[in-house]
1. Residues being out of contact with any Ser or Thr (no Cβ under 7 Å at 6 or more places or on another chain) and within 15 Å of Glu153 (Cα to Cα): count how many of those fall in the range 81-125.
2. If you go through the range 101-113 one residue at a time, do you hit one that is in contact with a Gly (Cβ under 9 Å, 6 or more places away or on another chain) and not acidic (Asp, Glu)?
3. Exactly one of these conditions fails for Asn70: (1) modelled with pLDDT of 90 or more; (2) within 18 Å of the chain's Cα centre (by Cα); (3) closer than 27 Å to Val132 by Cβ; (4) crowded, with 19+ Cβ neighbours inside 10 Å. Give me its number.
4. Just for the range 27-41: of the residues that are within 17 Å of Leu106 (Cβ to Cβ) and in contact (Cβ under 8 Å) with a residue 40 or more places away in the chain, which one is surrounded by the fewest Cβ atoms within 10 Å (Cβ to Cβ)?
5. Of everything in the range 43-57, what is exposed (fewer than 15 other Cβ atoms within 10 Å of the Cβ) and not charged (D, E, K, R)? Give them in sequence order.
6. Mind listing whichever residues of the range 39-60 are more than 20 Å from the chain's Cα centre (by Cα) and either β-branched (Val, Ile, Thr) or within 22 Å of Val132 (Cα to Cα) (or both)?
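The values are calculated or read from the model by the stated rules, or taken from the named source; none is laboratory data. Everything numeric here is computed off the predicted structure, so don't read it as measured data. Glycine also receives a Cβ, built like all others from the backbone with ideal geometry; neighbour counts cover every protein chain displayed.
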Amino acid sequence: MRIHILTPLCLGVLAYIEGVYPFLLFISCAVLHELGHLLAIKMAGGKIGRVDIMPLGARIITVGITSHINDIKVYLSGPLANILFFVLSFPLALTINSPYVLYFSLCNMFLAFVNLLPISGNDGYCAVIALVSQKAQEERLFSVMEKTRKISEAVFVLLSFLAVLASRFNPGVIGLTAAANIYKKD
């Protein structure tokens, strides 16, 4: 396992800005996301070659996954884990009227949505590449993916701006959206 040099600093700043409980809830959603990937890797018969912990996520290098279908399942399993925990926690948050459960629920939905966008390095991008790569010529594939990536990145910038406005300029939201728009998981 490798930890990117900026990861502890980024996590420390986020914990300081947001406070301990929201920070731990957000990190737990990220861990659940990665556990979804790990479970899918195991179910696909693959092994983990290496895990890199990055400032805004993790990169899991797999060994032994031989089909495009299993690759797609692995890529989509993280966001699906977040969607599952959103579906389970959102009704509970409304029932018990807990801001922390609501925060956990919404963080899961946020992670699922962002990771499904076909932005370079995201799960959605990797899943689309794996899906289309069998059926398209390589030049055409990368042309389509480049256009899709640019559109997705523009949508993400707009959604980041709207999130900052909706949060009433919350420093944590500003920091996360700024970092997400600057930093790419290549």
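1. 10
2. Checking the range 101-113: at least one residue is in contact with a Gly (Cβ under 9 Å, 6 or more places away or on another chain) and not acidic (Asp, Glu).
3. Asn70 satisfies all of (1) modelled with pLDDT of 90 or more; (2) within 18 Å of the chain's Cα centre (by Cα); (3) closer than 27 Å to Val132 by Cβ; (4) crowded, with 19+ Cβ neighbours inside 10 Å except (2).
4. In the first step, residues of the range 27-41 are kept if they are within 17 Å of Leu106 (Cβ to Cβ); the result is 27-33.
Restricting the remaining residues to those that are in contact (Cβ under 8 Å) with a residue 40 or more places away in the chain gives 28-30, 32-33.
Working: Ser28: 14, Cys29: 24, Ala30: 17, Leu32: 18, His33: 24.
Across the range 27-41, the extreme among qualifying residues is Ser28.
5. Met43, Gly45, Gly49
6. Ala44, Gly46
Every residue, every condition in (1) under 20 Å from the mean Cα position of the chain (by Cα); (2) of a type in the set (D, E, K, R); (3) part of a helix (DSSP H, G or I), yes or no:
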{"site": "Thr62", "(1), (2), (3)": "yes, no, no"}
{"site": "Leu84", "(1), (2), (3)": "yes, no, yes"}
{"site": "Phe90", "(1), (2), (3)": "yes, no, yes"}
{"site": "Leu94", "(1), (2), (3)": "no, no, yes"}
{"site": "Leu111", "(1), (2), (3)": "yes, no, yes"}
{"site": "Leu131", "(1), (2), (3)": "yes, no, yes"}
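For (1) modelled with pLDDT under 85; (2) closer than 16 Å to Leu80 by Cβ; (3) of a type in the set (A, V, I, L, M, F, W, C), each residue gets a yes or a no:
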| site | (1), (2), (3) |
| --- | --- |
| Tyr103 | no, no, no |
| Asp123 | no, yes, no |
| Glu146 | yes, no, no |
| Ser160 | yes, no, no |
